[in-house]
């Protein structure tokens, strides 16, 4: 049986999604694999923060966990891929679901698969303030320069 290996929330003050993992290794690996994710230096919990997008129309709880609704199928698919732990249900074209219950092995596998596919360096930067999209682009460009092409 699966266990809760993460908790998802929407923070109204920050206007961001947070994912709190039960292992700091999961949070660290998630941040490495998802360029939008950031871990705040002043937090004690293994929490990553994800910015909201203009294409996000609503966020709601559901029986599986959390549903993030988008204004288009393209936006939903794009965010689903970047979110790593999101999935789209058959027939739902604009909703991404983040399930609340995972086995530790399944969560490890999902995050590790994305990290390896991106060939992301294992260096982690921590920041107490959000990164701008321009900062993320510069970081991604530096990472791609360090990653050998195949």
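The values are calculated or read from the model by the stated rules, or taken from the named source; none is laboratory data. Computed from a predicted model, the values in this text were never measured in an experiment. When we count neighbours, we look across all protein chains shown, and the Cβ atoms used for this are built from the backbone with ideal geometry, even at glycine.
Within the span defined as segment 67-75, one or more residues are closer than 18 Å to residue 14 by Cα, crowded, with 19+ Cβ neighbours inside 10 Å and either under 14 Å from the mean Cα position of the chain (by Cα) or touching a residue at least 12 places away in the same chain (Cβ under 8 Å) (or both). Candidates in segment 58-111 are the residues that are out of contact with any strand residue (DSSP E or B) (no Cβ under 8 Å at 6 or more places or on another chain) and not in a helix (DSSP H, G or I); of these, the one that is nearest to residue 30 (Cα to Cα) is 84. Among residues of segment 20-40 that are in a loop (DSSP other than H, G, I, E, B), none has a Cβ under 6 angstrom from a residue that is at pLDDT below 90 and buried (at least 22 other Cβ atoms within 10 Å of the Cβ) at a sequence gap of 6+ or on a separate chain.
Hey, any hits in segment 50-63 for a residue that's crowded, with 17+ Cβ neighbours inside 10 Å and at positive phi? Checked segment 50-63: no residue is crowded, with 17+ Cβ neighbours inside 10 Å and at positive phi. Inspection of segment 20-39 finds no residue satisfying the criterion of being crowded, with 17+ Cβ neighbours inside 10 Å and over 23 Å from residue 108 (Cβ atoms). Is it fair to say residue 54 is modelled with pLDDT of 90 or more, in a loop (DSSP other than H, G, I, E, B) and over 15 Å from the mean Cα position of the chain (by Cα)? Spelling it out, residue 54 is indeed modelled with pLDDT of 90 or more, in a loop (DSSP other than H, G, I, E, B) and over 15 Å from the mean Cα position of the chain (by Cα).
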